[in-house]
Amino acid sequence: MKTNITAKNMIVTPGITNRITKKTATMEKYLKPDTEMNVRLRREGDRRICEITVPLEGGVTLRAESANQDNLFMSIDSALAKIERQILRHRTKLEKKFREGAYVAEPEFIEEPQVYGEGERQVVRHKTFPVRPMSVEDAALQMELLGHSFFVFVNIETDRTNVLYLRKDGNLGLMEPEA
């Protein structure tokens with residue numbers, strides 16, 4: 001497994017690198033050797049944030065984030081524990097669903113920072129991502145893995161772009177376009 005460590009507003013010391021590599025070594029038995037784990041560390045004021053992303057084949061991405069006041073090591077440990085729980089919890093489902101090729105690295109999201117005209121509101125972040133055909137159940141699983149409140153996908157049954165979202169009552173909603 002390959003671990004990529006990046007930092008924003010901080011320096012990655014050898015102690016931080018050793019801590020991350022030592023903790024991620026336990027996850028190698030669950031993932032294929034060519035899997036990439038992206039660890040992003042950043043400082044925002046007093047908060048130390050660790051964000052971990054593991055892109056897998058089939059459009060599946062595992063993601064965990066943890067923040068702590070003034071203690072980066074606690075953020076790292078917490079985020080790694082979250083990602084390990086996700087891997088263990090969904091490993092069987094993913095293997096059953098995607099079979100042998102479930103744990104192959106996938107290209108990272110491509111971010112293109114753009115600023116659009118001036119006005120009351122502006123688009124401050126623009127992301128592109130691969131959209132793959134999948135069932136509503138797979139989209140719900142992917143949304144849960146990412147920890148997002150919505151997920152855009154191509155419905156394999158209708159071959160149309162759909163949006164799955166988390167409702168305030170805890171249930172899921174599905175938006176389908178009508179021609």
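The values are calculated or read from the model by the stated rules, or taken from the named source; none is laboratory data. If you're wondering where the values come from, they're calculated on a predicted model, not measured in any experiment. A quick note on method: Cβ atoms are made from the backbone with ideal geometry, for glycine too, and the neighbour counts reach across all protein chains shown.
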> Across the stretch 148-172, which residue is modelled with the lowest pLDDT among those that are under 20 Å from GLU57 (Cβ atoms) and assigned to a loop (DSSP other than H, G, I, E, B)?
Replying inline: HIS148
> Quick one: MET175 ticks every box in (1) surrounded by 13 or more Cβ atoms within 10 Å (Cβ to Cβ); (2) modelled with pLDDT of 90 or more bar one, so which box is it?
Replying inline: (1)
>> When the residues of the stretch 27-44 are narrowed to those that are under 19 Å from ASP70 (Cβ atoms) and over 14 Å from the mean Cα position of the chain (by Cα), which ends up surrounded by the most Cβ atoms within 10 Å (Cβ to Cβ)?
In response: LEU41
>> If I filter the stretch 45-88 down to residues being among the basic types (Lys, Arg) and in a strand (DSSP E or B), which single residue comes out as surrounded by the most Cβ atoms within 10 Å (Cβ to Cβ)?
In response: ARG48
